[in-house]
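A.B. asks: Let me give you the structure first, and then I'll get to my questions.
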Amino acid sequence: MNPSDDTGNFVLGECFCDITCRYGHPVRLFNIGRAHYAACDRCRSYLFLGSNLMSSWRHENKDIWQANTNKVKAYRFIP
């Protein structure tokens, strides 16, 4: 990771299974449409990972995506 990259409390590894919180909190992956995100509910922040990289979004619907959006609405988004 480049020290100039601002990934907030997230430590990015080689793949999605390597994403962790710097403080040891659990990280969850979720989708909003075809976009993939990681969130730390304790730090109340989330990070965009990419789009259409995993097929899981194809098995979800707008209700799930809206619920995911609502869960992170007040969280800090790390661009």
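We did not get these values from a lab; they are worked out from the coordinates using the rules stated. This one's a predicted model, so the numbers in the text were calculated from it and none came from an experiment. Cβ atoms come from the backbone with ideal geometry, glycine included; neighbour counts cover every protein chain shown.
A.B. asks: Can you give me the distance in nm between label points at S51 and R76, each placed 7 Å from the Cα along the Cα-to-Cβ direction?
C.D. replies: 2.6 nm
A.B. asks: Kindly provide the chymotrypsin sites (Phe, Trp or Tyr not before Pro) of the range 16-79 that DSSP labels as loop, not H, G, I, E or B, and whose Cβ sees at most 12 other Cβ atoms within 10 Å.
C.D. replies: Passing sites in the range 16-79 are Y23.
A.B. asks: Filter the trypsin sites (Lys or Arg not before Pro) in the range 28-69 down to the DSSP loop ones having no more than 13 other Cβ atoms within 10 Å, then list what survives.
C.D. replies: Loop-located and lightly packed - R42, R44.
A.B. asks: When the dipole is taken about the Cα centre of the range 10-78, and only Lys, Arg (+1) and Asp, Glu (-1) are charged at their Cβ, what size is it in debye, to the nearest 20?
C.D. replies: Dipole of the range 10-78, to the nearest 20 debye: 280 debye.
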